[in-house]
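The values are calculated or read from the model by the stated rules, or taken from the named source; none is laboratory data. Everything numeric here is computed off the predicted structure, so don't read it as measured data. Neighbour counts are summed over all protein chains in view; Cβ atoms, including those assigned to glycine, are modelled from backbone coordinates with ideal geometry.
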Amino acid sequence: MSDDKKGSAWIFWALLVVLGAFGTVLYWNQPARQGAKPPVKPVVPVEPPKTFEGDPKEATDKLLKALNRELEAMDLLKLLEEEVSTKRVSVAGKEILSYTETFRLPRRYSLDQVLGPLHRAARELGAGLSAKPAVSAGEDGNVLNSCEFAYSQEWVPVRLTFVEVRSPRICLILDDAGYQRGEVLRLLYSLKVPVTAAIIPGARYSTALAKEFPSHGVEVMCHMPMEGHEMGAVGEDYPQLLKKGMGSRQVRKLVEAALAGLPNCRGLNNHMGSVASEDPDVVWDICRVLGGQGLYLVDSKTSPRSAMEFVAKKEGVAAAHRDVFLDNVEEGTAVEKQVEELAQRAGRKGQAVGIGHFKVVTLATLAKLVPALKEQGFRFVYASEIVE
């Protein structure tokens, strides 16, 4: 080949490399294709009339139901902080109840993002947010946003308080659910703090446990099998297994099938995945499904080169990652040491995610340590509360 031709070929390939790099930068820095959220407009309170005409009890019941429907749609009902309180008031010559409910505010929602749907639902009934939220500090340093919804200036039928948790948060995720009954579940239900259970799709009890867990205060997550380096195997025993290089249609089909078998599912984390989680294309297809269903992602961080959290946030999917594995060593003292590390990280960072497994030693150790951690001021929260 002549020197001129060699020079031309070199220039051609150099241009291809530059254009490819430029295209990659554009790809990763473009606005999220799915799940991008429009700017949130501040909610403008309404000035209710001075008096109310109608049946105040019926109006209160309708308003309370409408607001709770919106809270349920945003998956906030399970974040009720304390028992619903009531107060007797006299309206139009009738003794009725007014209601106060207090909820934790997840990190993925701003106060206005929550108040917008609530205000619109109230307006359809002729009520609305009657004043700007009253902001105060709780005894534990958390921020309380008290919001009044009313038909008139005579009385406040419903007051909702949203707590912005500022105390250190600990998120406990228990992997490999779906195979268990008996003692391990008894220990789980005895914790009496928010826990997120990651269920392997297609296991013997997966669907039944997904239905059962919320009634015991346990959040449901999909524990999606993904190709890993474990013992040189890729986990062929799993009917839904995501592999590096798998086509988009197949990835989405498997993720959708996994989610369909898990009622009440709120998000997804990876089971194994030290190979597949490094493939941005596979992760992007996972996030397309999650974004379409309003679900979150937690990166189990089985690989330091995992693309999961990065891609999720680029695609507008709320995400977080694991900070500490709790029970890689199945011995009580070792688990205690890992829980201590988890608490220290939560104290430094404001929150930390610990992943353990459905093992008796893990649950028994948590049952022993959780009360003391609560006394020290740590707040236990669901995975849905820490993703953003």
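Structure notes:
- When residues in the range 198-231 are screened for being aliphatic (A, V, I, L, M), over 24 Å from Arg252 (Cβ atoms) and crowded, with 22+ Cβ neighbours inside 10 Å, 2 of them pass.
- Filter result (farther than 18 Å from Pro201 by Cα and small (Gly, Ala, Ser)) within the range 241-276: Gly245, Gly247, Ser248, Ser274
- Residue in the range 111-127 that is of a type in the set (Lys, Arg) and either in contact with a Phe, Trp or Tyr (Cβ under 8 Å, 6 or more places away or on another chain) or assigned to a loop (DSSP other than H, G, I, E, B) (or both) present: no
Rundown of residues vs (1) outside the structural domain of Glu336 (by TED's automatic domain parsing); (2) among the hydrophobic types (A, V, I, L, M, F, W, C); (3) closer than 30 Å to Thr362 by Cβ; (4) at pLDDT below 95, yes/no style:
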position	(1), (2), (3), (4)
His119	yes, no, no, no
Leu125	yes, yes, no, no
Ser130	yes, no, no, yes
Leu160	yes, yes, no, no
Arg186	no, no, yes, no
Tyr189	no, no, yes, no
Arg204	no, no, yes, yes
His216	no, no, yes, no
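- Complete set of residues in the range 329-374 that are more than 27 Å from Gly182 (Cα to Cα) and in a helix (DSSP H, G or I): Glu340, Glu341, Leu342, Ala343, Gln344, Arg345, Ala346, Gly347, Arg348, Lys349
- Top-ranked residue of the range 97-113 - restricted to ones that are under 28 Å from Val317 (Cα atoms) and in contact with a Ser or Thr (Cβ under 8 Å, 6 or more places away or on another chain), ranked as surrounded by the most Cβ atoms within 10 Å (Cβ to Cβ): Pro106
- In this entry, Val339 is excluded by the filter for residues that are surrounded by fewer than 19 Cβ atoms within 10 Å (Cβ to Cβ), closer than 17 Å to Ile355 by Cβ and among the β-branched types (Val, Ile, Thr).
- Scanning the range 145-155 for residues that are closer than 20 Å to Leu111 by Cα and touching a residue at least 40 places away in the same chain (Cβ under 8 Å) yields Asn145, Phe149, Ala150.
- The set of residues in the range 127-143 being more than 26 Å from Glu53 (Cβ to Cβ) and either touching an Asp or Glu at 6+ places or on another chain (Cβ under 8 Å) or loosely packed, with under 13 Cβ neighbours inside 10 Å (or both) consists of Ala134, Val135, Ser136, Ala137, Glu139, Asp140, Gly141, Asn142, Val143.
- Scoring Thr86 on the criteria (1) surrounded by fewer than 12 Cβ atoms within 10 Å (Cβ to Cβ); (2) farther than 12 Å from Val158 by Cβ; (3) not aromatic (Phe, Trp, Tyr) leaves a single failure, condition (2).
- For the condition of a type outside the set (A, V, I, L, M, F, W, C), under 21 Å from Glu219 (Cβ atoms), in the same structural domain as Leu262 (by TED's automatic domain parsing) and modelled with pLDDT of 95 or more, Glu336 does not qualify.
- Criterion applied to Ile199, Ile170 was being of a type in the set (Val, Ile, Thr) and touching a Ser or Thr at 6+ places or on another chain (Cβ under 6 Å), and the one residue passing it is Ile199.
- Identity of the residue in the range 205-225, under 13 Å from Asp176 (Cα atoms) and among the aliphatic types (A, V, I, L, M), that ends up farthest from the chain's Cα centre (by Cα): Leu209
- Test: residue in the range 346-359 that is surrounded by fewer than 16 Cβ atoms within 10 Å (Cβ to Cβ) and in contact with a helix residue (DSSP H, G or I) (Cβ under 6 Å, 6 or more places away or on another chain): no
- The criterion of at least 1 residues that are among the aromatic types (Phe, Trp, Tyr) is met by the following helices (runs of 4 or more DSSP H) wholly inside the range 243-321: 280-293, 308-314.
- Considering only residues in the range 136-149 that are modelled with pLDDT of 95 or more and aliphatic (A, V, I, L, M), the one that is nearest to Arg345 (Cα to Cα) turns out to be Val143.
- The set of residues in the range 289-347 that are without any contact (Cβ under 8 Å) to a residue 24 or more places away in the chain and among the acidic types (Asp, Glu) comprises Glu309, Glu340, Glu341.
- Complete set of residues in the range 323-354 that are touching a Ser or Thr at 6+ places or on another chain (Cβ under 6 Å) and among the β-branched types (Val, Ile, Thr): Val335
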